[in-house]
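Structure incoming, see below.
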Amino acid sequence: MSPSYQIFLLSPANCAGKRAGFLLRKDGGSALAQRLRSGAGATIGEVFTFMSGLYFRGKLAYASAFTNPPDGSVGIQVIVPGLGLRPPDALIDLDGLRAIARIPVDPRDRRYTRPLRRDAARLAEGLHPSDAAVLLGSIATPKYLEPLKAVLGPRLRFPREFIGRGDMSRGALMLRCAAERRELTYIEGSDPVHNPKGENHSEGQHAKTQTRKE
């Protein structure tokens, strides 16, 4: 049975990667880096798309095409380390991005899980049992599934077609589906799908790198 309403939860970009470094430097020369240093700031969607490229762009395009939120709910929410869930048009500046980069995406770290579970609980208040919160992110580790499942229960879903695909393949798939108005098949998110064939773990590098820094 199709869900009555559905919202999308987008995993974050790797804030410890090379492209993140272009924005975090004080002398970053790109227009986006300059906006982050200015009072104007930039949206989370813009920043994470710059860091992640095709993958995050695909997630945004797909979620925009198929979100169907209940009244009063935001249809697309981004997992932001240390901040919980934020809409992609929320603004951040350079200090805010640096703060995000210091938080490991680790289900054992309460700085990450506490705000995420808090916001997921608020989200759950507006969802009925037949509604769905669809995770667009890695399913190979518990870093997203574990804290979200604890709050959302069977309403948490993920695309079945993600199994066996790496980040870039998932990004391209979502862009095609958004353009063709072809929706993926969602299944209940319970246990992580460990090491699916083709998973490249680029999202996981954020957690590993940040944990070493702590």
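A short reminder: the numbers here are calculations on the coordinates, not readings from a lab. Note that the structure is predicted; figures quoted are calculated from it, not measured. Backbone-built Cβ (ideal geometry, glycine too); neighbour counts: all protein chains shown.
Separation between the Asp27 and Asp95 pseudo-spin-labels, each 7 Å from Cα along Cα→Cβ, expressed in nm?
In this crude label model, Asp27 to Asp95 measures out at 2.4 nm.
Averaging over all projection directions, find the projected area of the Cα convex hull of the stretch 1-113 and quote it in nm² with one decimal place. Please report the intermediate quantities before stating the final value.
Details: hull surface 32.9 nm².
So the Cα hull casts an average projection of 8.2 nm².
Give me the log10 of I(q) over I(0) for the stretch 6-213 at q = 0.10, 0.12, 0.16, 0.18 Å⁻¹, as the Debye formula computes it from C-alpha points; what are the numbers?
-0.39, -0.57, -1.05, -1.34
So, one more: Of the peptides 135-147, 119-131, 28-40, how do they stack up when ordered by the mean number of other Cβ atoms within 10 Å, highest first?
Details: 135-147: 22.2, 119-131: 15.5, 28-40: 13.8.
Packing proxy ranking, top to bottom: 135-147, 119-131, 28-40.
Rounded to the nearest 500 deg cm²/dmol, what is the calculated helix-only ellipticity per residue at 222 nm for the chain, with -39500 (n - 2.57) per DSSP H run of length n ≥ 4? Walk me through the numbers on the way to the answer.
Working: 9 runs with 95 residues, N = 214.
Counting only the DSSP helices, I get -13500 deg cm²/dmol.
How would you rank Val74, Val134, Val47, going from fewest to most other Cβ atoms within 10 Å of each one's own Cβ?
So the ranking, lowest neighbour count to highest, is Val74, Val134, Val47.
Taking the 0 to 90 degree range and rounding to the nearest ten, how far is the long axis of helix 54-66 tilted relative to the main principal axis of the chain, both from C-alpha atoms?
Computed tilt is about 40 degrees.
If you don't mind, another one. In the chain, what percentage of the DSSP-assigned beta bridges are antiparallel, given to the nearest 5? Walk me through the intermediate numbers first.
On the way: 9 of 19 bridges.
Approximately 45 percent, going by the DSSP bridge assignments.
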